[in-house]
Each structure stands twice: as structure tokens, then as C-alpha cells.
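A short reminder: the numbers here are calculations on the coordinates, not readings from a lab. Since the model is a prediction, treat every value here as computed from it, not as a measurement. Cβ placement follows ideal geometry from the backbone for every residue including glycine, while neighbour counts extend to all protein chains displayed.
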Amino acid sequence: MYLKAIKLLNEFGEDPVRVVSLAKKLGVASSSVVQMLSKLEHEGYVSYERRSGVKLTKLGDGVATKILRNARLLEVLMEKHLGIVADERVVCGVEHHMTEELAEALCKFLNHPRKCPHGIDIPPGKCCKV
């Protein structure tokens, strides 16, 4: 959830991401964000400096990109093929549990979409590279 939110804020031009922006995006207190950033930094997913904000490491960016790809593929499936509105709670509940094999199969089934229903780029997977 945190890595995805940081990546989303990066996509909209915030880099590094400020704690207050992340707290607002996630609907949590800034103190909770700082606690989680400490854990994520210890695990190697982010680098955090109190004054400047948080940046994803290479490891964190890879995980966040995978989660965003999964979410956007699910949104395409739900809205364009199933005819239902992509509910954030449903997408969030599934995106973290998708295997790479499932994401690749879904991408192929959807004919390698380049954009989600909101017009945002879908990161390409291995199956998209010819």
C-alpha cells in the first residue's frame, strides 16, 4: 500500500514524496507514515530523509511497479471486459496476491493494454516485450 502510494505520487510529479502527501493519500496520520517508512527503509524498499522526504529504492520501485501493473490490468479487465466499475477496494485486495504468471496471462488475454481506463500508462511486463 505504501510503496504503491509513493509510486503514484511520483507519477504525478512529487519526487521525493513528502510525509504529509503520503499521509493524505493513505488517509493516515503522519506519525504512522514515519513509523512505516522506518520499517520500509530497514527492509531496503525506500530511502527516507526527514527534511526532504522519501524515495523508492530500486527494490522498492520494482515492487511498486509490479503492484501498479497488476492494479491497472485488473481495472482494464473489470471496466472494459466485465462491464463493471473498478472498485479500489476490490483491486487493492487482489493486486498484491497476483502471481507474475497470472499477471502475464491477464495481460496477454487483454491484448497487452498500454493504458488503464483512467488513461495512465500500464508498465509493460515480460510478455509485452517482443
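Those residues that are touching a residue at least 12 places away in the same chain (Cβ under 8 Å), within 22 Å of LYS126 (Cα to Cα), β-branched (Val, Ile, Thr) and out of contact with any strand residue (DSSP E or B) (no Cβ under 9 Å at 6 or more places or on another chain), I need them from segment 66-104; list them, please.
ILE67, VAL91, VAL94
List the helices (runs of 4 or more DSSP H) inside segment 33-125, counting only whole elements, that have at least 3 residues being under 15 Å from the mean Cα position of the chain (by Cα).
So the answer is 58-76, 88-95.
Considering only segment 24-46, state which residues are more than 15 Å from GLU14 (Cα to Cα) and of a type outside the set (A, V, I, L, M).
Answer for segment 24-46, where residues must be more than 15 Å from GLU14 (Cα to Cα) and of a type outside the set (A, V, I, L, M): GLY27, SER30, SER31, SER32, GLN35, SER38, LYS39, GLU41, HIS42, GLU43, GLY44, TYR45.
Looking at VAL28, is it more than 26 Å from GLU104 (Cα to Cα), without any contact (Cβ under 8 Å) to a residue 60 or more places away in the chain and in a loop (DSSP other than H, G, I, E, B)?
yes
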